[in-house]
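Colleague: My questions all concern the structure below.
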Amino acid sequence: MPETAGPTIVIVLFEGVDLLDVTGPPEVFSLALRETEEAAGYRVLLAAETLDPVTTGAGVRILPDITFARAAAGSIDTLIVPGAVELDEERRVHPLVDPRLVEWVRVLAGRTHRIASVCVGAHLLAAAGLLDGKRATTHWSTAQQLAADHPAVEVDADPIFIREGNVWTGAGISACLDLSLALIADDLGEAVALRVARQLVMYLKRPSGQSQFSVPLEQVSTTRRIEDLRHHILRHIGEPLTVVDLAAYAHVSDRHLTRLFKTELGTTPHAYIESVRVEKARHELESSDATVERVATLCGFGTTDTLVRAFRRRLNTTPTEYRRRFRVPLGP
């Protein structure tokens, strides 16, 4: 494999692969170079069994850069394994797991410092024995099948991504962006990853333990104290959160805390907390059957009236109307 000054990332290609699984990570990695002063950025190579064009599940054809054999002849910094699915006669989703591809994944993994799967690519890692004894995630629609097919794998379908040593697994298709940001943070630090997230017009880069909701990325903070506070707020969003409580947690005065939020995030602690609560409420309304009263409690609003006022102020709608427009039907 050709020498490169920066980390080499190899993405596995095969017929029917999900297009965003393949194209999403390179877009994220390319922005890391823009956000750093380092001379060398990531080098992304697409690898397939041959150099013939590969047709993705979306019908878009992609040209591989190298063959699996060529990739296996060198050293790989990060191997990314995307996934693909097919529907059976009853319209149920099943991951594609080709035995020959599994064997190549096993071979390439032996030449790799870090391995990551995207979406149902976790099924390929599991079939190669790379997830045995590890906690892993995948797309919610195939999580039960992953657990049934591979009892040695501890499957957790809730997190955006999971890291177990040098093996990372990511959830649904768009979570490839979160996973890629986490890999950048692992390589270049949280500050760079947050700047890349902002370039992508994404919400706050979600840590692996976070589940289904996000917080607006208004201004990237530069201090660890504020980042710790942001994640503290996320973890305790259903509880009363006052300026006094947050100041005590951060070991600063109330006035200094307000100055920190204004300087770092361009807002007040109260406004920021409300924005987090609204984001979590949006998720609950989109993806659960919880009543509006229950959503108000879960998100720390206390009363339905407070929730309604916050929605009108920030989204110019009501919780009930928001759910009617954006409710996502639950899977079977």
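The values are calculated or read from the model by the stated rules, or taken from the named source; none is laboratory data. Keep in mind that this is a model prediction, so the values were computed, not measured. Here the Cβ positions follow ideal geometry from the backbone for every residue, glycine too, while neighbour counts run over all protein chains shown. We work out accessible area using only protein heavy atoms, side chains counted, and drop any ligands, DNA or RNA first. Shrake-Rupley method; radii C 1.70, N 1.55, O 1.52, S 1.80 Å.
Colleague: Restricted to the range 162-174, and to residues that are open to solvent by 40 Å² or more (accessible area, probe 1.4 Å) and out of contact with any helix residue (DSSP H, G or I) (no Cβ under 9 Å at 6 or more places or on another chain), which residue is nearest to H283 (Cα to Cα)?
Modeller: Of everything passing the filter in the range 162-174, E164 is nearest to H283 (Cα to Cα).
Colleague: Let me ask something additional. Hey, any hits in the range 175-186 for a residue that's open to solvent by 40 Å² or more (accessible area, probe 1.4 Å), closer than 26 Å to H94 by Cβ and touching an Asp or Glu at 6+ places or on another chain (Cβ under 7 Å)?
Modeller: Within the range 175-186 (the criterion being open to solvent by 40 Å² or more (accessible area, probe 1.4 Å), closer than 26 Å to H94 by Cβ and touching an Asp or Glu at 6+ places or on another chain (Cβ under 7 Å)), the answer is no, since none of the residues qualifies.
Colleague: Which residue is most open to solvent (accessible area, probe 1.4 Å), if the candidates are limited to the range 133-161 and must be part of a strand (DSSP E or B) and in contact (Cβ under 8 Å) with a residue 24 or more places away in the chain?
Modeller: If we take residues in the range 133-161 being part of a strand (DSSP E or B) and in contact (Cβ under 8 Å) with a residue 24 or more places away in the chain, then R135 is most open to solvent (accessible area, probe 1.4 Å).
Colleague: I want to confirm something. Restricting to the range 237-271 and keeping residues that are touching a residue at least 40 places away in the same chain (Cβ under 8 Å) and of a type outside the set (S, T, N, Q), which single residue is most open to solvent (accessible area, probe 1.4 Å)?
Modeller: Step by step, filter the range 237-271, then rank; the result is P240.
Colleague: To continue, here is another question. Being over 20 Å from the mean Cα position of the chain (by Cα) and basic (K, R) narrows it down to one residue among R135, R100; which is it?
Modeller: R100
Colleague: Regarding T112, is this residue out of contact with any helix residue (DSSP H, G or I) (no Cβ under 8 Å at 6 or more places or on another chain) and touching a residue at least 12 places away in the same chain (Cβ under 8 Å)?
Modeller: For T112, the condition - out of contact with any helix residue (DSSP H, G or I) (no Cβ under 8 Å at 6 or more places or on another chain) and touching a residue at least 12 places away in the same chain (Cβ under 8 Å) - is met.
Colleague: Output the residues belonging to the range 279-329 that are part of a loop (DSSP other than H, G, I, E, B), open to solvent by less than 100 Å² (accessible area, probe 1.4 Å) and modelled with pLDDT under 90.
Modeller: If the condition is that a residue be part of a loop (DSSP other than H, G, I, E, B), open to solvent by less than 100 Å² (accessible area, probe 1.4 Å) and modelled with pLDDT under 90, then S288, T317, R327, V328 are the ones that fit.
Colleague: For the range 36-78: of the residues being outside any loop (DSSP other than H, G, I, E, B) and among the charged types (D, E, K, R), which is modelled with the lowest pLDDT?
Modeller: The residue in question is R43.
Colleague: Can you go through G129, G121 and tell me which one is in contact (Cβ under 8 Å) with a residue 12 or more places away in the chain, of a type in the set (G, A, S), out of contact with any Phe, Trp or Tyr (no Cβ under 7 Å at 6 or more places or on another chain) and not in a helix (DSSP H, G or I)?
Modeller: Result: G129 is the single residue among G129, G121 that is in contact (Cβ under 8 Å) with a residue 12 or more places away in the chain, of a type in the set (G, A, S), out of contact with any Phe, Trp or Tyr (no Cβ under 7 Å at 6 or more places or on another chain) and not in a helix (DSSP H, G or I).
Colleague: Mind checking which residues of the range 93-109 are in contact (Cβ under 8 Å) with a residue 40 or more places away in the chain and of a type outside the set (A, V, I, L, M, F, W, C)?
Modeller: Answer for the range 93-109, where residues must be in contact (Cβ under 8 Å) with a residue 40 or more places away in the chain and of a type outside the set (A, V, I, L, M, F, W, C): H94, P95, D98, R100.
Colleague: Can you find even one residue in the range 98-114 that is closer than 30 Å to S287 by Cβ, not in a loop (DSSP other than H, G, I, E, B) and not small (G, A, S)?
Modeller: Scanning the range 98-114, I find no residue that is closer than 30 Å to S287 by Cβ, not in a loop (DSSP other than H, G, I, E, B) and not small (G, A, S), so the answer is no.
Colleague: E86 passes all but one of (1) open to solvent by 50 Å² or more (accessible area, probe 1.4 Å); (2) touching a Phe, Trp or Tyr at 6+ places or on another chain (Cβ under 6 Å); (3) not basic (K, R); which number fails?
Modeller: Of (1) open to solvent by 50 Å² or more (accessible area, probe 1.4 Å); (2) touching a Phe, Trp or Tyr at 6+ places or on another chain (Cβ under 6 Å); (3) not basic (K, R), only one is false for E86: (2).
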